[in-house]
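Asker: Supplied in structure tokens, the structure appears directly below.
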Amino acid sequence: MKTSFKIIFSNLLLLKAVTLQAQTVYTLEQCREMALKNNRTSAIAGRMEDKTAYESKSYRANFLPKITATGGYMLTNNSFSKTIAGNYLPTFVPDLATGELKPNIVTMPDGTPMIAPDGNPVFKEYAYFPDMKIDMKLNGTYFAGLTAEQPIFMGGKITSAYRMSQIGREMSALNSAVTRAEVIVKTDESYWMHIKALETRKVATAFKQVIEELMRNVEAAVKAGMKTRNDLLKVQVQMNRADLQIQQSDNAIRLSHMNLCQVTGLPSDAEFGVREVQGVASSPTMPSLTMPSEIETINSRPEFSLLDRQVELKSQQIKLIRSDYLPNVGLTASYGYLHGPELNGSPLIDKASFSALFTVSIPVFHWGEGINKIRAARAEKHIAELQRDELKEKMQLEAKQYENKMQESDLELALTTRTLEQAAENMRIIKDSYDKGMETLSACLEAQTLWQQASLDHLNAQINKHLNQTYYLKATGRLN
């Protein structure tokens, strides 16, 4: 019987080797890389990093002066034309005593001014002012200039906004780390569930081959009159059970294969294998782990760092709100050139000019709007601090739980290994006794069932050890 087991498992391994040679084989690390590359959530997180990086650069530009170039050209057929009527203008003569100009009027003998019938004084001489025509054209007027705006003091608004953009950039990177860890966990689960389905199929196949061998022996014994037909029916029931388990294993393999394809971004009908070695627990993906301290565990978690940055973001938001109610000081300087409009064929303005404007804005009274906004922002910061502290406690508990599960996995694996060895030895002994007529068929079938169950328990223990390692690495912030 021991020799027959060796032949069965040798054939299974040979069949597996031939199958793997005909298709692509992926390791767990390769599946992780494909999942991270093709996962849409990871791609979105990456684009968010780029977005926040560009936003941070744009806020940094607020520290520098903004320079704007302006220019314009007027094209119009509108014009202005007016004639100022000519007239006679009075004259003035200098006063030799004072040097000032005095009206050149006609005086009476007594020295009083002569008054005309219209009530105005009569001048000795009049100057004639002819008609004047004024033509103004707006067409062809153009201007060009540069304006520079430099904030001097904005109450800390620019500094706070820039720091908030930097925090947002850090949070995007942390969010990418969280997403990466989640993708890796999902990939590991899909990978090991697929291996579990494949290994379960191997156990079911080995069990069926054992039952088939027993079936042949019982059939021969029935023909020889040494066994009853009831014994044959008992074996047939186990054969049907083995066929059902193989069918269930095949279904599990197809579903786990499709799930792994979905996670890694491969087509659902892609043909590939996963690299596994005899004895799943001996896989090279099982390194020895060191237990970090509690502080290292918390500080390594990107989830905790995200809330820590959230608290800092709220602090900067308080400063940003406060800046709206502090004095603002700015400087604007401009240099420009203006040509036109034309007056009687000559440009009215044709020169460059420089100007500077220094502005100060001081909020005086807003009926408590500012202080209430600041209080609300402080309340939001306190909420963020409470959420961070709550998450810290949960992460400490989670890390401890998976540390315990890791230790339990080692014990479970050692126990199922010994149980499997005992079940295999027990099945061999009972089968030998049955062949010699010293044991019942029911005992033989029960021993085979116990061996199959022990094999599945051992497989589950190996898979759980791998998954608990992944969960523990994520809980301690070391999954990358």
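The values are calculated or read from the model by the stated rules, or taken from the named source; none is laboratory data. Just so it is clear, the structure is predicted and the values come from calculations on it, not from any experiment. All Cβ positions, glycine included, derive from the backbone under ideal geometry; neighbour counts span all protein chains shown. Only protein heavy atoms, including side chains, enter the accessible area calculation; ligands, DNA and RNA are left aside. Shrake-Rupley method; radii C 1.70, N 1.55, O 1.52, S 1.80 Å.
Asker: When you scan segment 193-202, do you find a residue that is touching a Phe, Trp or Tyr at 6+ places or on another chain (Cβ under 8 Å) and either within 30 Å of residue 303 (Cα to Cα) or not aromatic (Phe, Trp, Tyr) (or both), even just one?
Answerer: no
Asker: Within segment 121-161, take every residue that is of a type in the set (Phe, Trp, Tyr) and farther than 30 Å from residue 319 by Cα and give me the one that is nearest to the chain's Cα centre (by Cα).
Answerer: Looking at the filtered set, the residue picked out is 143.
Asker: Here is a further query. So the check is Cβ under 6 Å with 6+ separation or different chains; which pairs have a first residue in segment 111-132 that's surrounded by fewer than 12 Cβ atoms within 10 Å (Cβ to Cβ) and a second one that's not in a loop (DSSP other than H, G, I, E, B)?
Answerer: Listed by first residue and then by second, the contacts come to 127/89; 128/88; 131/83; 132/84.
Asker: Give me a count of the residues in segment 225-270 that are farther than 18 Å from residue 190 by Cα and open to solvent by 70 Å² or more (accessible area, probe 1.4 Å).
Answerer: Count: 12.
Asker: Among residues belonging to segment 345-370 that are of a type in the set (A, V, I, L, M, F, W, C) and free of Cβ contacts under 8 Å to residues at least 12 places away in the same chain, point out the one that is surrounded by the most Cβ atoms within 10 Å (Cβ to Cβ).
Answerer: Within segment 345-370, the match that is surrounded by the most Cβ atoms within 10 Å (Cβ to Cβ) is 349.
Asker: Could I ask something else about it? List the pairs whose first member sits in segment 235-256 and is farther than 27 Å from residue 217 by Cα and basic (Lys, Arg), whose second member is open to solvent by less than 70 Å² (accessible area, probe 1.4 Å) and assigned to a helix (DSSP H, G or I), and whose Cβ atoms are under 9 Å apart, counting only residues at least 6 apart or on separate chains?
Answerer: 254/197
Asker: Kindly indicate whether any position in segment 80-92 is within 30 Å of residue 345 (Cβ to Cβ), basic (Lys, Arg) and either at pLDDT below 90 or surrounded by 15 or more Cβ atoms within 10 Å (Cβ to Cβ) (or both).
Answerer: yes
Asker: What number of residues within segment 296-336 satisfy the criterion of being open to solvent by 50 Å² or more (accessible area, probe 1.4 Å), farther than 27 Å from residue 377 by Cα and either outside any strand (DSSP E or B) or polar (S, T, N, Q) (or both)?
Answerer: Here the count works out to 2.
Asker: So is residue 293 open to solvent by 40 Å² or more (accessible area, probe 1.4 Å), at pLDDT 90 or above and more than 26 Å from the chain's Cα centre (by Cα) or not?
Answerer: It is false that residue 293 is open to solvent by 40 Å² or more (accessible area, probe 1.4 Å), at pLDDT 90 or above and more than 26 Å from the chain's Cα centre (by Cα).
Asker: Quick check: is even one residue across segment 349-369 charged (D, E, K, R), assigned to a strand (DSSP E or B) and modelled with pLDDT under 95?
Answerer: Yes, segment 349-369 has at least one match.
Asker: Find all pairs meeting these conditions: Cβ atoms under 8 angstrom apart; at least six residues apart or on different chains; first residue within segment 416-445 and touching a residue at least 60 places away in the same chain (Cβ under 8 Å); second residue open to solvent by less than 20 Å² (accessible area, probe 1.4 Å) and of a type in the set (D, E, K, R).
Answerer: Final answer for the pair search is 444/431.
Asker: Would you mind stating whether residue 40 is loosely packed, with under 11 Cβ neighbours inside 10 Å and within 30 Å of residue 166 (Cβ to Cβ)?
Answerer: Answer is yes for this residue.
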